[in-house]
Number of protein chains: 2
Amino acid sequence: MSAIGLIATIRVQPGKEAEFEGVFAELAPAVAANEPGNSYYRLFRTDETGVYKVLECYDDDAAVDAHRASDHFRTIGARLGPCLAGAPEIEKLGAV
Amino acid sequence: MSAIGLIATIRVQPGKEAEFEGVFAELAPAVAANEPGNSYYRLFRTDETGVYKVLECYDDDAAVDAHRASDHFRTIGARLGPCLAGAPEIEKLGAV
């Protein structure tokens with residue numbers, strides 16, 4: 001199975017940007033340290049205030065599932081929730 | 001200056017997908033080998049046939065300029081041109 005790319009578009013509530021970025025700064029190293037099936041995970045700002053994109057790459061579907069089920073995603077990720085203005089929009093891509 | 005992410009959306013002419021992917025398979029290793037300011041460069045298929053996205057990350061604007069001016073981008077990239085259905089659409093992101 002070929003690798004999977006994800007582009008997660010995340011809208012943050014006005015005024016919550018710094019908190020969101022701070023919590024994400026804890027999440028990203030936890031992904032790198034604990035997910036052998038993840039090869040890329042990086043947060044970017046878009047041109048629109050409060051709208052972010054996370055570029056992600058995983059070895060396969062099982063690695064995506066492992067990410068979502070991980071302790072760090074459940075605990076640190078849960079702290080992102082109160083910052084969000086809605087559910088993240090996820091675009092799934094297939095590595096060539 | 002913080003790092004720069006790019007999402008390049010590329011539309012390929014019907015029937016040219018294999019040729020496009022083959023040329024890109026030459027371009028990606030040349031980027032990795034010759035661009036110290038590039039930290040990510042990977043081609044993905046979207047759900048739409050013939051539409052691809054390249055996820056890219058560069059240390060700064062100078063590294064993006066160096067990519068576009070590079071011999072490999074000019075020579076190998078030029079061979080991608082005849083496969084395309086239009087100009088690539090580039091979204092610029094700022095790393096957090």
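Taking amide H positions as placed 1.01 Å from N in the peptide plane, with prolines and chain starts having none, which residues 5 or more places from A:Leu84, or on another chain, fall under 5 Å of its amide H?
Close amide H contacts, sequence-distant or interchain: A:Gln13.
So what are the ³J(HN,Hα) numbers for the range B:15-20, from phi and the Karplus equation (6.51, -1.76, 1.60; θ = phi - 60°), rounded to whole Hz, Gly and Pro as x?
Per residue, the Karplus-derived 3J(HN,Hα) values read x, 9, 4, 5, 5, 4 Hz.
Give the lysines reachable from A:Lys53 as a straight Cα distance under 25 Å; neighbours fewer than 8 places away on the same chain don't count.
A:Lys16, A:Lys92, B:Lys53, B:Lys92
Please report, for B:Arg11, the nm distances (one decimal) from its label point, 7 Å out from Cα along the beta-carbon direction, to the equivalent points in the remaining copies, shortest first.
2.6
Mind pulling the angle between the C-alpha long axis of helix A:71-80 and the longest principal axis of chain A? Nearest 10 degrees, somewhere in 0 to 90.
Helix A:71-80 sits roughly 30 degrees off the main axis of chain A.
Using a label point 7 angstrom from Cα along Cα-to-C-beta, what distances in nm, from shortest up, separate B:Ala25 from the other copies?
4.2
Please work out which residue of chain B brings its Cβ closest to the axis of the rotation superposing B onto A, and round that distance to whole Å.
B:Leu55, 2
Just how much of B:Asp65 is accessible, in Å², when a 1.4 Å probe is used and the result is rounded to the nearest 10?
Number for this one is 90 Å².
Looking only at other chains, what is the average number of their beta-carbon atoms within 10 angstrom of each beta-carbon in B:78-87?
Mean number of neighbouring Cβ atoms from other chains: 0.
Please give the average number of partner chain Cβ atoms lying within 10 Å of the Cβ of each residue in B:41-47, rounded to a whole number.
Counting Cβ atoms of other protein chains within 10 Å of each residue's Cβ and averaging gives 6.
Non-local amide H neighbours of A:Lys16 (under 5 Å, H modeled in plane, Pro and chain starts lacking H): which ones?
Under 5 Å from the amide H of A:Lys16: no residue qualifies.
Taking the label point as lying 7 angstrom from Cα along the Cα-to-Cβ axis, what are the distances from A:Ala85 to the corresponding position in the remaining copies, in ascending order and in nanometres?
Listed shortest first, these distances are 3.2 nm.
Express the Stokes-Einstein translational diffusion coefficient of the protein assembly as shown in µm² s⁻¹, to the nearest whole number, given a Kirkwood radius over alpha-carbon pairs, 4 °C and a viscosity of 1.567 mPa s.
Answer from the Stokes-Einstein relation: 74 µm²/s.
Could you list which residues have their amide H under 5 Å from that of B:Gly50, counting only those 5 or more apart in sequence or on another chain, with H placed in the peptide plane?
Here the answer is none, since no amide H 5 or more places off falls under 5 Å of that of B:Gly50.
Do any trypsin sites (Lys or Arg not before Pro) in the range B:7-96 lie in a loop, going by DSSP, with at most 16 other beta-carbon atoms within 10 Å of their beta carbon, and if so which?
B:Lys16
Would you kindly find the accessible area of B:His67, with a 1.4 Å probe and non-protein molecules such as ligands, DNA and RNA excluded, rounding to the nearest 10 Å²?
10 Å²
Per DSSP helix of 4 or more residues, -39500 (n - 2.57); summed, then divided by the residues of the protein assembly as shown. What does that give at 222 nm, rounded to the nearest 500?
-12000 deg cm²/dmol
The values are calculated or read from the model by the stated rules, or taken from the named source; none is laboratory data. Nothing here was measured: the structure is a model prediction, and the numbers come from that model. Glycine also receives a Cβ, built like all others from the backbone with ideal geometry; neighbour counts cover every protein chain displayed. The protein model used for the area step is the full one, side chains on, heavy atoms only, and it has no ligands, DNA or RNA in it. Shrake-Rupley method; radii C 1.70, N 1.55, O 1.52, S 1.80 Å.
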